[in-house]
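Taking it in order: structure first as structure tokens, then the write-up.
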Amino acid sequence: KKFEVSGVMAKADIKPKSVHHAKEWSDVVENLYRFQQAGYRDEVEYKQVKQVDMVECWPETGFVKKLQRRDNTFYYYNKQRECEEKEVCKVKIYVY
């Protein structure tokens, strides 16, 4: 299961219409946590800023594997869950 947004959406300068905080952990919340840790709202913003079509994910879990921060350093993530229960409520979910 891949976590991706259509290429057309990633190319345009898309802004979210609303935002809310996650209530419970899920695969989507896990990936959002990873993007937000690296300094991006979500995959849409990451693809806009970095001008990439695909984000590298772990094939076993579908979680994001590696992200490039805005200062061009990299974050590398494990196959397993990294977003602890106490962090879940801090994850922002953007609606487009």
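The values are calculated or read from the model by the stated rules, or taken from the named source; none is laboratory data. For clarity, every value in this text was computed on a predicted model and none was experimentally measured. Counting neighbours? That spans all protein chains shown, and the Cβs are built from the backbone with ideal geometry, glycine included. Calculation scope for accessible area: heavy atoms of the full protein, side chains included, ligands and nucleic acids excluded. Shrake-Rupley method; radii C 1.70, N 1.55, O 1.52, S 1.80 Å.
Distances between placed amide hydrogens fall under 5 Å for residue 91 paired with 22, all partners being 5 or more residues away or on another chain.
Electrostatic bookkeeping for residue 20 treats Lys and Arg as +1 and Asp and Glu as -1; over the other residues with beta carbon under 15 Å from its beta carbon, the sum is +3. Normalised by 2.2 N^0.38 Å, with N the number of residues, the alpha-carbon radius of gyration of region 18-95 equals 1.03. Summed over the residues of region 18-95 and divided among them, the accessible surface reaches 57 Å² per residue at a probe radius of 1.4 Å.
When the C-alpha to C-alpha distance is required to be over 26 Å, the pairs from 15/92; 17/65; 15/79 that qualify are 17/65; 15/79.
Identify the GluC sites (Glu not before Pro) of region 11-96 meeting these criteria: DSSP loop state and at most 13 other C-beta atoms within 10 Å of the C-beta. Sites meeting the loop and neighbour criteria: 24, 56, 60, 84.
Measuring nothing but protein heavy atoms, the accessible surface of the chain at 1.4 Å probe radius is 53 percent carbon and sulfur.
Charged neighbours of residue 74, selected by a Cβ distance under 14 Å, balance to +4 (K, R count +1; D, E count -1).
Each helix, a run of at least 4 DSSP H residues, gives -39500 (n - 2.57); summed and divided by the residues of the chain, these come to -6500 deg cm²/dmol at 222 nm.
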